[in-house]
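Heads up: the structure comes next, in structure tokens.
Nothing in this text is a laboratory measurement; each read-out follows from the coordinates by a stated rule. Everything quoted here is computed from the prediction, not taken from an experiment. Cβ placement follows ideal geometry from the backbone for every residue including glycine, while neighbour counts extend to all protein chains displayed.
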Amino acid sequence: MKTSLTGRHLSAAAALVTASLVTAACSSTPATVINTAAPKPLASGSWPYSNGDLSNTRDAAGSTITSANVSGLKQAWTFHITGTAAAGVGSTGALAANPVVVNGVVYIQDLDSNVYALALATGRLKWEYQLNAPMKSGPGPDGVAVADGMVYGISPTTAFALNARTGKTIWVNSHLLSKGQGTFEIQPQVANGREYLASAYGSGPGGGVLLALSAATGKLLWRFNSVLGLDTGVQSVGLGSGGAWETPLVSSDGSVTFGIGNPYQSVAAAIAHPSAQLYTDSDVNLDAATGKLRWYYQGVPNDFMDHDMQASPISASVSGVSVVLGGGKMGYVYEMNAQTGKLIWKTPVGEHNGQDNDGLLLMEHKITLKVPFTIAPGSVGGILTDMAVAGTSIYVATINLPFIETSLSLPVAIKSVGPLAGEVEALSLATGKVEWATKVPDLPCGATTVSNDLVFTTLYHGVLIALNRSTGAIVFRRQLPTTTNAPIAIAGNTVIVPAGGPATSKAGGGGNPQVLAYTVPAN
């Protein structure tokens, strides 16, 4: 398949927009329609954080879903989003956020910044908070955090907190971003009385910004610029740089770690003005209380391929050593010492064509580049969505879709070549060695999520799959009613799937966005 791409913002979910491949005050007029028939067994369980826990492991604690009963997953309910939210952002659809499940309630935010609270057992709407404020610089993922009876969300320019029981506004802060600091499109994290969030792709001298707010009041506690200063190469394009758009890691050692986006520079700029572009394409570890830099690790210096290191960092322990695992659209998984940031190992996943180090080689004046040339991983990844850790392994969904660079002046390749494809891989936490790799015939856009002896993900054209954690064999497939490019949540006996990707010829898509719940009999 060949796809010509156009557009301004080509990073992660936003790259999916322009590629035409993938998609992410209370209203008195309901914007939703639901199916109220909820067959037994009723949904149960919890998924209290965007990635399941504060360590971002995406390992579903308390899940009862295993290879022994996964075939019994039955649809319990569906919640349809209608009105302006159904249009989504560009061609990205309406939903890209991870659901959060707390105290029997499912909380989700659509790509027009609207928040919905649904009864986990039935899918009934409990309340909604309608803003109808679509993402400006890119399609989310958006999403909410829930803590201490409050729901925390964002619009492109504001942060807000709601009462988790009623949806009533507790505070709104619309004075966090200055001109040139980008816009919000992140699913925040809340811990220890602080809310952590970030803007993406600021066009000012500091790029995007990383922020901590008082969870109680919304007052700004600290701000960290994700770019030391826009280099000439970035300024020549003017699209913005850095920032973060996936949930950060809050660690027990008093730190918070963000995965940072790319610098958006053209091939010509990378050749004429090569520089590291710190802290783009990096994991940045900060003191959680003060925002002071503790360490960083940069995966790709002088990036001109749109290879973000955006994935939510994960905390783990290997032989008693605390580590942080990162990754992104460059198609590498990195394991770093949690105290120093020193690299322990890095492993390529998915397809690569030997040009991974071109940015560094340009800095060292060791290569020349002429168009056309192929980029693999391409502009949509590599690792587009968040990874999972369980036991002694890390599980990664990888996109295999090369792009052709046809112009030295563009900040990203805009023409894809080849079929939509990808794979799911398991790597050893101790060594980074690939334990198994399973090809899939579509783009795996739903992150990876572990439930006992299974690892789940979703495929772009509306398929939920589960693989055996030991072998990688696909043991479960379920066709969804529409496309999806959002991560799932697993709560007890329930899988919650946001299906609100863009309309395509193969599935309904953006005109029929919905949240679905599938259950197995409760123990």
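Each of A68 and A133 was given a label point 7 Å from its Cα along the Cα-to-Cβ line. The distance between the two points is 4.9 nm.
Panel values: the chain, Kirkwood radius from alpha carbon pairs, Stokes-Einstein at 4 °C and 1.567 mPa s, translational diffusion coefficient 58 µm²/s. Between A216 and T169, with labels modelled 7 Å along Cα→Cβ, what's the label distance in nm to one decimal, could you check? The modelled label-to-label distance comes out at 2.2 nm.
Each 5 Å bin from 0 upward holds the following percent of the Cα-Cα pairs of segment 100-166: 4, 18, 31, 23, 15, 6, 2, 0. Computed on the Cα atoms alone, the convex hull of segment 326-384 gives a volume of 95 cubic angstrom per residue. The trypsin sites (Lys or Arg not before Pro) found in segment 405-475 that occupy coil by DSSP, while having at most 13 further C-beta atoms within 10 Å, are K433.
For segment 254-321, the Kirkwood estimate of the hydrodynamic radius, built from every pair of different alpha carbons, is 13.1 Å. Couplings for segment 417-423, taken from phi via the Karplus curve 6.51 cos²θ - 1.76 cosθ + 1.60 with θ = phi - 60°, read 9, x, x, 5, 7, x, 7 Hz in order; Gly and Pro are left as x. Translational diffusion coefficient, Stokes-Einstein: compute it for segment 134-221 using the Kirkwood radius over C-alpha pairs as Rh, at 10 °C and 1.306 mPa s, and state it as an integer in µm² s⁻¹. So the translational diffusion coefficient is about 123 µm²/s.
The calculated FRET efficiency for the pair T232 and N337, based on their C-beta separation and a Förster distance of 30 Å, comes to about 0.35. Couplings for segment 250-261, taken from phi via the Karplus curve 6.51 cos²θ - 1.76 cosθ + 1.60 with θ = phi - 60°, read 9, 9, 6, 8, x, 10, 10, 10, 10, x, 9, x Hz in order; Gly and Pro are left as x.
Over the chain, DSSP H runs of length four or greater, each weighted -39,500 (n - 2.57), average out per residue to a 222 nm ellipticity of -1000 deg cm²/dmol. Pairs exceeding a 18 Å alpha-carbon distance, out of K126/K219; K329/K415; K74/K126: K126/K219; K74/K126. Close amide H contacts of I344 (hydrogens built in the peptide plane, cut-off under 5 Å, sequence separation of 5 or more or a different chain): E335, M336, N337. Given +1 at the Cβ of Lys and Arg, -1 at the Cβ of Asp and Glu and no other charges, the dipole of the chain around its Cα centre is 820 debye to the nearest 20. Note: segment 59-215, Cα convex hull, 137 Å³ per residue.
If R0 equals 45 Å, the separation of the Cβ atoms of S407 and N468 corresponds to a calculated FRET efficiency of about 0.55. With a ≥ b ≥ c the root eigenvalues of the C-alpha gyration tensor of segment 393-523, is it rounded (a/c under 1.5), prolate (a/b larger than b/c) or oblate? Verdict is oblate for segment 393-523. For T374, nonlocal amide neighbours, meaning residues 5 or more places apart or on other chains whose placed amide H falls under 5 Å from its own, are E405. Our coupling estimate for segment 482-497, obtained by passing each phi through the Karplus curve with A = 6.51, B = -1.76, C = 1.60 and θ = phi - 60°, is 7, 6, 8, 9, 10, x, 9, 10, 10, 10, x, 9, 10, 10, 10, 10 Hz, Gly and Pro reported as x. Amide H of M150 versus every other amide H placed in the peptide plane: which residues, excluding those fewer than 5 positions away on the same chain, fall under 5 Å? For M150, the qualifying residues are A164.
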